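**Student:** Let me begin by handing over the structure; questions about it come next.
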Amino acid sequence: MTLLLAGISALFLGFSGAYLYNRIQQGIPPVELPSLFYVNTLLLMGSSYTLHRSKKSYLDDHTENYKKYLLITLILTLVFLVAQFFAWGQLQQSEIFINYNNMASYMYAISALHFLHIIAGLPFLVLFIINAYRKMKSPVSVLIYFSDLDKKRKLDLFNIYWHFLDILWIYLVLFFLINYLIQ
């Protein structure tokens, strides 16, 4: 997990550095973030919170809350993904397309890369939900599910990945915002 997160961090730091280098070298003004990027930040923070609550429910053996919070996390994530398309649409309504200038290209590329990392985590979230609803039907199956150390480890790893992506998104929004404000 450490290598994965380090690799993702290096990728986004590399893009951030390239963005700054191009901005300074070419003197191109930065692109203003569409308002939906800020809404998406709240959606991701909400999904991070509900995933945290699902883990807490798992540790406390609260079956229904565990399932409920996993489902809410999925819904918030899907809303984020749809809203991100609308955010890119806001850029296009402002006539800022991917080929508008280098700064716009970086904004599209970096946000799309983050988008893809969210999509990469979705199958794992869906598997947690499917397993929870299939395997947690009787008191005995719930006990077996909650006592499975492998499931707990996987949930821990998924939480780390998900929270990392949320923190990464906050970094990206602040990065673009600060770049816009100090032009």
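The values are calculated or read from the model by the stated rules, or taken from the named source; none is laboratory data. Note that the structure is a prediction, hence the values are computed from the model and not measured. No Cβ is skipped: glycine too gets one built from the backbone with ideal geometry, and neighbour counts run over all protein chains shown.
**Student:** For the stretch 48-105, give me the residue count where each residue is assigned to a loop (DSSP other than H, G, I, E, B) and under 30 Å from Ser138 (Cβ atoms).
**Tutor:** Qualifying residue count, the stretch 48-105: 3.
**Student:** Do the conditions hold for Tyr58, that is, is it buried (at least 19 other Cβ atoms within 10 Å of the Cβ), more than 30 Å from Val126 (Cα to Cα), touching a residue at least 60 places away in the same chain (Cβ under 8 Å) and not aliphatic (A, V, I, L, M)?
**Tutor:** No.
**Student:** For Phe146, are the conditions met, namely being surrounded by 14 or more Cβ atoms within 10 Å (Cβ to Cβ), over 30 Å from Leu20 (Cα atoms) and modelled with pLDDT of 95 or more?
**Tutor:** no
**Student:** Ok, one more. Kindly list the number of the only condition in (1) crowded, with 19+ Cβ neighbours inside 10 Å; (2) in contact with a helix residue (DSSP H, G or I) (Cβ under 6 Å, 6 or more places away or on another chain); (3) closer than 26 Å to Leu44 by Cβ that fails for Ser111.
**Tutor:** (2)
**Student:** Could you list all residues from the stretch 54-93 that are over 21 Å from Thr41 (Cα atoms) and of a type in the set (Ser, Thr, Tyr)?
**Tutor:** Correct list: Ser57, Tyr58, Thr63, Tyr66.
**Student:** Just one of Leu51, Leu44 is in contact (Cβ under 8 Å) with a residue 24 or more places away in the chain, surrounded by 14 or more Cβ atoms within 10 Å (Cβ to Cβ) and touching an Asp or Glu at 6+ places or on another chain (Cβ under 6 Å); which is it?
**Tutor:** When all the criteria are applied, what remains is Leu44.
**Student:** Something else now. Output yes when any residue across the stretch 126-136 is part of a loop (DSSP other than H, G, I, E, B), surrounded by 15 or more Cβ atoms within 10 Å (Cβ to Cβ) and of a type in the set (Phe, Trp, Tyr), and no when none is.
**Tutor:** No; the residues of the stretch 126-136 include none that is part of a loop (DSSP other than H, G, I, E, B), surrounded by 15 or more Cβ atoms within 10 Å (Cβ to Cβ) and of a type in the set (Phe, Trp, Tyr).
**Student:** While we're looking at this one, here's another question. With Tyr49, Tyr21 as the choices, which residue is of a type in the set (Ser, Thr, Tyr) and modelled with pLDDT of 95 or more?
**Tutor:** Exactly one residue qualifies, and that residue is Tyr49.
**Student:** In the set Phe124, Phe128, which member is modelled with pLDDT of 95 or more and either farther than 28 Å from Val82 by Cβ or out of contact with any Pro (no Cβ under 9 Å at 6 or more places or on another chain) (or both)?
**Tutor:** Phe124
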